[in-house]
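Q: Could you have a look at this structure, given as structure tokens, before my questions?
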Amino acid sequence: MKEYNFLNKIFLVLILAVAVIACEEKDAGELVNAELTGATRVYLDPANASQVSETSNVVSSGDGTTSVTGENTVEIAVIRTGTDFSSEATVGFTATTTYAVTSDFFDEGDDASGTVTFSNEGTITIPAGQSRGFVVVAIADDVVATGDRVINVTLTDTSAGELGLNDATPFTTLALTIIDDDCPIAIADWVGVYDVDENFTDGVNAPFGLADFFGESYQVEIALDPTDNTGTKVVITNSAGFNQYFNDGLVMTFLTCPGQVSFSEPAPNVALFRDYAFETSSYNEGNFSIKCEGPLATFGPYQFTLTKQAE
């Protein structure tokens, strides 16, 4: 009997403990609900992305999560609280976009608004029956290594209640960093005179090159492209006294992040022989060399390397 009474007491204590915990959880829940469903308030979703890549659009939120948005766009959510969502709500906002660092092209703090587009033009609408709307930002990708950009969004007014979740955490401003995915290159250092080393790499013509077959010699010169504002393009011409290897005025672009190059259309006509369609390319900033490989028409795999002469 004593053992039975003892077990009953333990059971009673456990029931009381569970009841106390349940009451505490209920009280906490009521406080949260009162905060979110009481007075109508409008604020920026704190789970919005804090940074986004310029091209891949893999976004990272403040809570450490990541997700992928549509191509070159990111959505910034604006939330309204309350109990009556029967009418639409309008929310005004301002936004500035600036360069976060100083580069060869811009100074830190310079206006970068031309690199983004807001679909909402300073005002968004939260539709009737819904608790959130979205500021949609389209991000322009480029090939210029200008460093990161920062978008600052500030809510300015609303037709639905008050701005800000509460005094302690208003969530009426947001800083979104656009991560620059371009890689820098000191384009002026590539200006100079280049030796041309070329040959077939396989087939009946290997290991000889066009210079062997035609008894010619090749040398080219690289200059900055005066029409380029990306810092990635150069113009190639043939050196005086040498045979023609490319068509004079051929434009070559450094694709900096993959470390490759491309050429302007039409395809390079190599040594007045055939059009060359390279399959792989690379460049070395250590010795200022550019290597391209691919088939030369139907005559087999071919490669050429341009190497800058010592000054």
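Q: With the requirement that a residue be more than 42 Å from the chain's Cα centre (by Cα) and either in a strand (DSSP E or B) or under 16 Å from Pro301 (Cβ atoms) (or both), what does segment 214-229 give you?
A: none
Q: In segment 256-276, which residues are assigned to a loop (DSSP other than H, G, I, E, B) and closer than 11 Å to Phe246 by Cβ?
A: The answer is Ser264, Ala267, Pro268, Ala271, Leu272.
Q: Only one of (1) exposed (fewer than 15 other Cβ atoms within 10 Å of the Cβ); (2) touching a residue at least 12 places away in the same chain (Cβ under 8 Å); (3) assigned to a loop (DSSP other than H, G, I, E, B); (4) of a type outside the set (Gly, Ala, Ser) is not met by Thr146, so which one is it?
A: For Thr146, the failing item is (1).
Q: Further question on the same structure: If I go through segment 139-175 residue by residue, how many of them are within 28 Å of the chain's Cα centre (by Cα) and farther than 17 Å from Ala95 by Cβ?
A: Qualifying residue count, segment 139-175: 7.
Q: Name every residue in segment 248-297 that is without any contact (Cβ under 8 Å) to a residue 24 or more places away in the chain, surrounded by fewer than 16 Cβ atoms within 10 Å (Cβ to Cβ), over 27 Å from Asp141 (Cα atoms) and of a type outside the set (Gly, Ala, Ser), in order of residue number.
A: Scanning segment 248-297 gives Asp248, Asn269, Asp275, Asn287.
Q: Follow-up. Out of Ala112, Ala95, Ala140, I need the residue that is in contact with a helix residue (DSSP H, G or I) (Cβ under 6 Å, 6 or more places away or on another chain), not assigned by TED's automatic domain parsing to the domain that holds Thr230 and not polar (S, T, N, Q). Which one?
A: When all the criteria are applied, what remains is Ala140.
Q: Looking at Tyr245, is it buried (at least 19 other Cβ atoms within 10 Å of the Cβ), more than 23 Å from Ala186 (Cα to Cα) and not β-branched (Val, Ile, Thr)?
A: It is true that Tyr245 is buried (at least 19 other Cβ atoms within 10 Å of the Cβ), more than 23 Å from Ala186 (Cα to Cα) and not β-branched (Val, Ile, Thr).
Q: Moving to a separate point now. What tally of residues in segment 51-103 results from selecting those that are among the charged types (D, E, K, R), at pLDDT 75 or above and part of a loop (DSSP other than H, G, I, E, B)?
A: 3
Q: Could you please let me know if Leu165 is surrounded by 18 or more Cβ atoms within 10 Å (Cβ to Cβ), in contact (Cβ under 8 Å) with a residue 60 or more places away in the chain and in contact with a helix residue (DSSP H, G or I) (Cβ under 9 Å, 6 or more places away or on another chain)? Full working, then the answer.
A: On the way: surrounded by 18 or more Cβ atoms within 10 Å (Cβ to Cβ): yes; in contact (Cβ under 8 Å) with a residue 60 or more places away in the chain: yes; in contact with a helix residue (DSSP H, G or I) (Cβ under 9 Å, 6 or more places away or on another chain): yes.
In short, yes.
The values are calculated or read from the model by the stated rules, or taken from the named source; none is laboratory data. Nothing here was measured: the structure is a model prediction, and the numbers come from that model. Glycine gets a Cβ as well: all are built from the backbone with ideal geometry, and neighbour counts include every protein chain shown.
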